[in-house]
Amino acid sequence: MRVKIDEVPLESRRRAARHLEAVRSTKMVAGAGAAQLGDEACPLYRPDVKEIAYWEFEVVGVKASARNGVNKNGDRASAAKSDRGFVIVATGSHDVPVPHWSLELEPPSRSLERQSKEGTPARVVKLDSLAYACEDEKGTYLAHIGQFPPMPSGLPRALPKDQQPSSLESHPASPSKTDKRVAKQGVKQTGARTARPKLVAWPSWNQAKKQYASAYRLHLAALRARAEQAWAIEALVAKLGEGIHEGETVVVPLLRPGKAEVTGDGVASVSLRRLDRVPPAVALVGGSAAEQKEQEFQLQLSYDDGTTETLPFFVVPKGTPSNRRRVLPHPVPVLPLRPQ
């Protein structure tokens, strides 16, 4: 079910490592100074996506408590201590780039393995934000964690483009003698009527997989629309590079041991420093630009296994307008004069 992390595309590995680095020094996590991606990753699928939909990366080097699952009898499964967290990244625009991560819970695939008493999981399926299921090699359902999405019925095929007006009137069916007791109300509704969808349990695992795309078409379309902006930013970073303001330090994690060097026209505007830590990383420090314009450069990473990465960056000179509060210039607020 799992593969060596070297078999995962570099793009997905870089996205997971970048996310882990972003949360490493924040207050959201504790004791994550030595956190790094593990040696294995698990492919995750979704019924409406033909290929691998997500990659689940294990995060080692942190103390984590296992997810409390529910077994087939409805009993709360015993919690097992685990030193693994996880980061899940999407492989495309069907979801946001990093839809789920935790350094306190064990990976969903590990939790599913513990709950699968009648078979060996061969495939993990992501059903919802926090819902996962697993099946064996024959496609037989074994277990799930999270709330299994119900089967909806009565939903419209498409959302209306124009809002249809409607009204609801309430009036007393008979006169009231006093204000202490409200008379029985009569209700009259005119105009468009909203359908009332029904939610029931799926008859079978195979039917849930087969009708997943059609049953949740509106929800999946809304999720894709919400993810578009995040993927647009990812595309811009991959094409134009990540900006480093003059005097700012950016830590770039290495995916494995290797060498790093900077190339390009802006090499004189940045300094490279190797960090003595696990996992391996380098620090890029933006220096003063010879000209008051952005200085582009590339970080060339060469790993011991022969793979390489080229990450584009650019240095933003001091004084360049920015939407970041700590970077000048920003207009100084003028306080109103106090009356004498």
Next item on the list: Just name the residue that is modelled with the highest pLDDT out of those in the stretch 153-169 that are closer than 30 Å to Pro203 by Cβ and touching a strand residue (DSSP E or B) at 6+ places or on another chain (Cβ under 7 Å).
Entry: Ser153
Check: Of the residues that sit in the stretch 16-32 and are in contact (Cβ under 8 Å) with a residue 24 or more places away in the chain and over 18 Å from the mean Cα position of the chain (by Cα), which one is surrounded by the most Cβ atoms within 10 Å (Cβ to Cβ)?
Finding: Ala32
Checklist line | Hits in the stretch 202-219 (condition: more than 17 Å from Val125 (Cβ to Cβ) and surrounded by fewer than 12 Cβ atoms within 10 Å (Cβ to Cβ)) | finding: Pro203
Check: Looking at this structure, is Glu118 farther than 19 Å from Asp48 by Cβ and surrounded by fewer than 18 Cβ atoms within 10 Å (Cβ to Cβ)?
Finding: yes
Check: Has the stretch 127-138 got at least one residue that is under 30 Å from Ala41 (Cα atoms), surrounded by fewer than 10 Cβ atoms within 10 Å (Cβ to Cβ) and not hydrophobic (A, V, I, L, M, F, W, C)?
Finding: yes
Note to self: For Ala230, only one of the following conditions fails: (1) surrounded by 14 or more Cβ atoms within 10 Å (Cβ to Cβ); (2) modelled with pLDDT of 90 or more; (3) farther than 21 Å from Val98 by Cα. What is its number?
What the structure shows: (3)
Margin query: Checking the structure you have, find out if any residue of the stretch 256-263 is more than 28 Å from Gly287 (Cβ to Cβ) and assigned to a strand (DSSP E or B).
Written below: no
Margin query: What pairs come out if I take residues in the stretch 200-225 that are closer than 23 Å to Pro97 by Cα and not assigned by TED's automatic domain parsing to the domain that holds Tyr45 and pair them with residues that are at pLDDT 95 or above and assigned to a helix (DSSP H, G or I) whose C-beta lies under 9 Å away, six or more apart or interchain?
Written below: none
Next item on the list: Tell me, yes or no, whether the stretch 136-152 has at least one residue that is modelled with pLDDT of 95 or more, small (Gly, Ala, Ser), touching a Gly at 6+ places or on another chain (Cβ under 9 Å) and over 30 Å from Lys27 (Cβ atoms).
Entry: yes
Next item on the list: Could you tell me whether any residue of the stretch 170-190 is surrounded by 12 or more Cβ atoms within 10 Å (Cβ to Cβ) and not polar (S, T, N, Q)?
Entry: yes
Notebook entry, point to check: Which of the residues that make up the stretch 1-49 are assigned to a loop (DSSP other than H, G, I, E, B) and in contact with a Gly (Cβ under 7 Å, 6 or more places away or on another chain)?
Noted result: Ala34, Ala35
Check: Of the residues in the stretch 296-326, how many are at pLDDT below 75, more than 29 Å from the chain's Cα centre (by Cα) and loosely packed, with under 15 Cβ neighbours inside 10 Å?
Finding: 2
Check: Within the stretch 233-261, which residues are over 19 Å from the mean Cα position of the chain (by Cα) and either exposed (fewer than 13 other Cβ atoms within 10 Å of the Cβ) or more than 30 Å from Phe313 (Cβ to Cβ) (or both)?
Finding: Lys239, Gly247, Thr249, Pro257, Glu261
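Conditions tested, residue by residue: (1) more than 20 Å from Leu218 (Cβ to Cβ); (2) under 23 Å from the mean Cα position of the chain (by Cα); (3) in the same structural domain as Ala222 (by TED's automatic domain parsing).
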| position | (1), (2), (3) |
| --- | --- |
| Thr140 | yes, no, yes |
| His144 | yes, yes, yes |
| Arg157 | no, no, no |
| Lys161 | no, no, no |
| Gln164 | no, no, no |
| Ser176 | yes, no, no |
Notebook entry, point to check: Restricting attention to the stretch 51-79, which residues are modelled with pLDDT of 95 or more and part of a loop (DSSP other than H, G, I, E, B)?
Noted result: Glu51, Ile52, Ala53
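The values are calculated or read from the model by the stated rules, or taken from the named source; none is laboratory data. Fair warning: this is a prediction, and the values are worked out from it, not measured in the lab. Positions of Cβ are generated from backbone atoms using ideal geometry, with glycine treated the same way; all protein chains shown enter the neighbour counts.
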